[in-house]
Amino acid sequence: MFHLGWFLGTGFGVYGWNTPWAGNVAQDVGNPGLFADMAAALERAGFDYMMLEDSSVLPDIYEGSFRHSLKVATVRFDPLPLVPHLTRRTRHIGIIATAATTFYPPFLAARLYQSLDHLTGGRVGLNLVTASPHAAAQNYGLEQHVEHDLRYEMADEWTRTVTALWESWEPDAVVLDESTGVFADHTKVHAVHQQGRWHSSRGPLNTIPGPQRRPVLCQAGGSPAGRDLAAAHADTIVSAVVGVEAMREFREDISRRLVAHGRRPEDAKVLFLVDPVLGDTDRAAQDRAERKTAAMAASLENALAGLSYVSGIDFSRFDPDEPFPDVASRTNGHQSTVADYQKAGAGKTLREVALTRRVAESIPLVGSPDTVADQMAEAMDHAGGDGFLIASPVTRRGISEVADGLAPVLRRRGLIRDGYEHATFRENLLAF
Ligand SMILES: Cc1cc2nc3c(=O)[nH]c(=O)nc-3n(C[C@H](O)[C@H](O)[C@H](O)COP(=O)(O)O)c2cc1C
């Protein structure tokens, strides 16, 4: 069996703007309706979680302007207040919301997520990101963002501080003893006195532990420093490495790193990004896939703006018909993603690479639900991973194709869960 998650690539943002099948997207901006419907559909399908991306910036690296971001609606609301709206409509699915370790003071994050753990009945998760754009750092008062590997070092200290705060109340500290009039036992609640190089906190938290005590932790870093942070702390790790061989290597590498951190390989579930193209028949799905590739090829600007965002380098300045520029050594952005592009760019022009590569796919999945189920099962057998993170365009139609078309086929074959045995997100995630 494997796990399923869905990644919303612009968090609590705008989906399907100006595309067919997007419903009332223009009227629904900032409205939880689509996301709540989605959570219900994914729970019906047996998903482990829905993951909300986040970043604190309106990107203007491409052309040094907000023009493209505003044209394509790259706006985001804070994902955290959305979380209880989604769990109110559901009973089992986990909701992972992103927070940037570089910007949130640990006490603020520990308290926020602990409060959400209560409000969701133990179904919240935290996607730990270090964030990369300088502009995001400037929104929080820094002059420049911190250097890549140092960000991960800081994130490690941050996570240790947050964890210490979550553990500042012993499990049996809340006594609720009406005969003595004591709510909580003061000998079981402790200051943490964390003193780090970058993060310090006195503690304890002034809230009681949530149903999970420690919300599910998720991590997506692909560089050695990112993988180490994931292996030290994460319960689920998501990756966009390309090809089944790379997936297998990634899972093996993560397993080694988990063991090096005194954990077991099965303590973290590794999910790989995919964007299935489904159809009533294989032929119909192939046609859709061809149309998708053609649409992608028609928008060099979208591809270059995306590359600018992940690298922090303005790709409008390069001639698209010249060889792919040497950027990997200069980026302070998503290091492994840029390195993958650089590798794919050997002997090719920028235009060729930009128009054919996407960050959203570890393997292509194209076909009828039966065919795609075969492709998923085969990839999991080979890679030894723990599942897939769907990163398809978000429309109600697209959600239903996966939730009501693909997932029932996977379930009939015993490849995904048939229900949820446990009360909390972490218990269900780690159940197999
Ligand atoms: C599935 C997935 C989700 C991600 N979500 C976010 C996010 O919400 N916010 C963010 O700033 N970065 C996000 N990232 C970027 C990662 O945090 C990281 O910067 C990227 O994978 C490159 O890692 P590296 O610099 O360690 O190689 C995500 C990456 C992936 C693959």
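Residues that are in contact with a His (Cβ under 8 Å, 6 or more places away or on another chain) and over 29 Å from Ile95 (Cβ atoms): does the stretch 184-205 have at least one?
yes
Within the stretch 136-150, restricting attention to residues that are within 27 Å of Leu82 (Cα to Cα) and within 12 Å of the ligand (Cβ to nearest atom), which residue is surrounded by the fewest Cβ atoms within 10 Å (Cβ to Cβ)?
Within the stretch 136-150, the match that is surrounded by the fewest Cβ atoms within 10 Å (Cβ to Cβ) is Ala136.
Which of the residues that make up the stretch 208-237 are more than 15 Å from the ligand (Cβ to nearest atom) and open to solvent by 30 Å² or more (accessible area, probe 1.4 Å)?
Answer for the stretch 208-237, where residues must be more than 15 Å from the ligand (Cβ to nearest atom) and open to solvent by 30 Å² or more (accessible area, probe 1.4 Å): Ile208, Pro211, Arg213, Arg214.
Mind listing whichever residues of the stretch 191-242 are without any contact (Cβ under 8 Å) to a residue 60 or more places away in the chain and in a strand (DSSP E or B)?
Passing the criteria: Gln195, Ser200, Ile237.
So the check is Cβ under 7 Å with 6+ separation or different chains; which pairs have a first residue in the stretch 138-164 that's on the phi < 0 side of the Ramachandran plot and a second one that's open to solvent by 90 Å² or more (accessible area, probe 1.4 Å)?
Glu157/Arg197
Can you name every residue in the stretch 165-190 that is in contact with a Gly (Cβ under 8 Å, 6 or more places away or on another chain) and either open to solvent by 80 Å² or more (accessible area, probe 1.4 Å) or without any contact (Cβ under 8 Å) to a residue 40 or more places away in the chain (or both)? Walk me through it before giving the result.
So the first thing to find is which residues in the stretch 165-190 are in contact with a Gly (Cβ under 8 Å, 6 or more places away or on another chain), and the list is 165, 168, 190.
Matches in the stretch 165-190: Ser168, His190.
Pro320 fails exactly one of the following numbered conditions: (1) assigned by TED's automatic domain parsing to the domain that holds Arg44; (2) not in a helix (DSSP H, G or I). What is the number of that condition?
Checking Pro320 against (1) assigned by TED's automatic domain parsing to the domain that holds Arg44; (2) not in a helix (DSSP H, G or I), the one that fails is (1).
Being over 23 Å from Asp287 (Cα atoms), in a helix (DSSP H, G or I), open to solvent by 10 Å² or more (accessible area, probe 1.4 Å) and more than 16 Å from the ligand (Cβ to nearest atom): is that true of Asp340 here?
Taking the combined requirement at face value, the residue does not satisfy it.
Just the residues that are open to solvent by less than 40 Å² (accessible area, probe 1.4 Å) and either in a loop (DSSP other than H, G, I, E, B) or not assigned by TED's automatic domain parsing to the domain that holds Asp326 (or both), please, taken from the stretch 286-314. Write out each step before concluding.
Our first condition is that a residue be open to solvent by less than 40 Å² (accessible area, probe 1.4 Å); within the stretch 286-314, this holds for 289, 299-300, 303-308, 310-311, 313-314.
Selection gives Ser299, Ile313, Asp314.
Give the residue that is farthest from the ligand (Cβ to nearest atom), with candidates limited to residues of the stretch 91-112 that are open to solvent by less than 10 Å² (accessible area, probe 1.4 Å) and under 16 Å from Leu429 (Cβ atoms).
Filtering first and then ranking leaves Ile93.
Return only the number of the condition from (1) farther than 17 Å from Gln219 by Cα; (2) outside any strand (DSSP E or B); (3) not basic (Lys, Arg) that Trp158 does not satisfy.
Checking Trp158 against (1) farther than 17 Å from Gln219 by Cα; (2) outside any strand (DSSP E or B); (3) not basic (Lys, Arg), the one that fails is (1).
Against the definition (among the β-branched types (Val, Ile, Thr), open to solvent by 20 Å² or more (accessible area, probe 1.4 Å), closer than 20 Å to Asn127 by Cα and not in a helix (DSSP H, G or I)), how does Thr19 come out, yes or no?
Details: among the β-branched types (Val, Ile, Thr): yes; open to solvent by 20 Å² or more (accessible area, probe 1.4 Å): yes; closer than 20 Å to Asn127 by Cα: no; not in a helix (DSSP H, G or I): yes.
No.
For the stretch 264-281, name all the residues that are surrounded by fewer than 20 Cβ atoms within 10 Å (Cβ to Cβ) and more than 17 Å from Leu410 (Cα to Cα).
Once the filter is applied, which keeps residues that are surrounded by fewer than 20 Cβ atoms within 10 Å (Cβ to Cβ) and more than 17 Å from Leu410 (Cα to Cα), the stretch 264-281 yields Arg264, Pro265, Glu266, Asp267.
Looking at the stretch 75-90 only, could you name the residues that are open to solvent by 30 Å² or more (accessible area, probe 1.4 Å) and either touching a strand residue (DSSP E or B) at 6+ places or on another chain (Cβ under 8 Å) or at positive phi (or both)?
Correct list: Val75, Arg76, Phe77, Asp78.
Are any of the residues in the stretch 43-65 open to solvent by less than 30 Å² (accessible area, probe 1.4 Å), part of a loop (DSSP other than H, G, I, E, B) and of a type in the set (Phe, Trp, Tyr)?
Yes: one or more hits.
Being within 16 Å of the ligand (Cβ to nearest atom) and open to solvent by less than 60 Å² (accessible area, probe 1.4 Å): is that true of Gly125 here?
Working: within 16 Å of the ligand (Cβ to nearest atom): yes; open to solvent by less than 60 Å² (accessible area, probe 1.4 Å): yes.
In short, yes.
Quick one: would you say Glu249 is at negative phi, within 16 Å of the ligand (Cβ to nearest atom) and open to solvent by 60 Å² or more (accessible area, probe 1.4 Å)?
yes
I'd like to verify a number: residues in the stretch 22-32 that are surrounded by fewer than 16 Cβ atoms within 10 Å (Cβ to Cβ), touching a helix residue (DSSP H, G or I) at 6+ places or on another chain (Cβ under 9 Å) and in a helix (DSSP H, G or I), how many?
0
From the list Val182, Val162, Val174, pick out the single residue that is in contact with a Phe, Trp or Tyr (Cβ under 9 Å, 6 or more places away or on another chain) and either modelled with pLDDT under 95 or not assigned by TED's automatic domain parsing to the domain that holds Thr101 (or both).
Among Val182, Val162, Val174, only Val174 is in contact with a Phe, Trp or Tyr (Cβ under 9 Å, 6 or more places away or on another chain) and either modelled with pLDDT under 95 or not assigned by TED's automatic domain parsing to the domain that holds Thr101 (or both).
For the stretch 347-378, which residues satisfy the criterion of being touching a residue at least 60 places away in the same chain (Cβ under 8 Å), open to solvent by less than 10 Å² (accessible area, probe 1.4 Å) and at negative phi?
Those that are touching a residue at least 60 places away in the same chain (Cβ under 8 Å), open to solvent by less than 10 Å² (accessible area, probe 1.4 Å) and at negative phi: Ser362, Leu365, Val372, Met376.
The values are calculated or read from the model by the stated rules, or taken from the named source; none is laboratory data. Fair warning: this is a prediction, and the values are worked out from it, not measured in the lab. Methodologically, a virtual Cβ is constructed for each residue, glycine included, from the backbone with ideal geometry; neighbour enumeration extends over all protein chains shown. When the accessible area is computed, the model is the full protein with side chains, heavy atoms only, and any ligands, DNA or RNA have been set aside. Shrake-Rupley method; radii C 1.70, N 1.55, O 1.52, S 1.80 Å.
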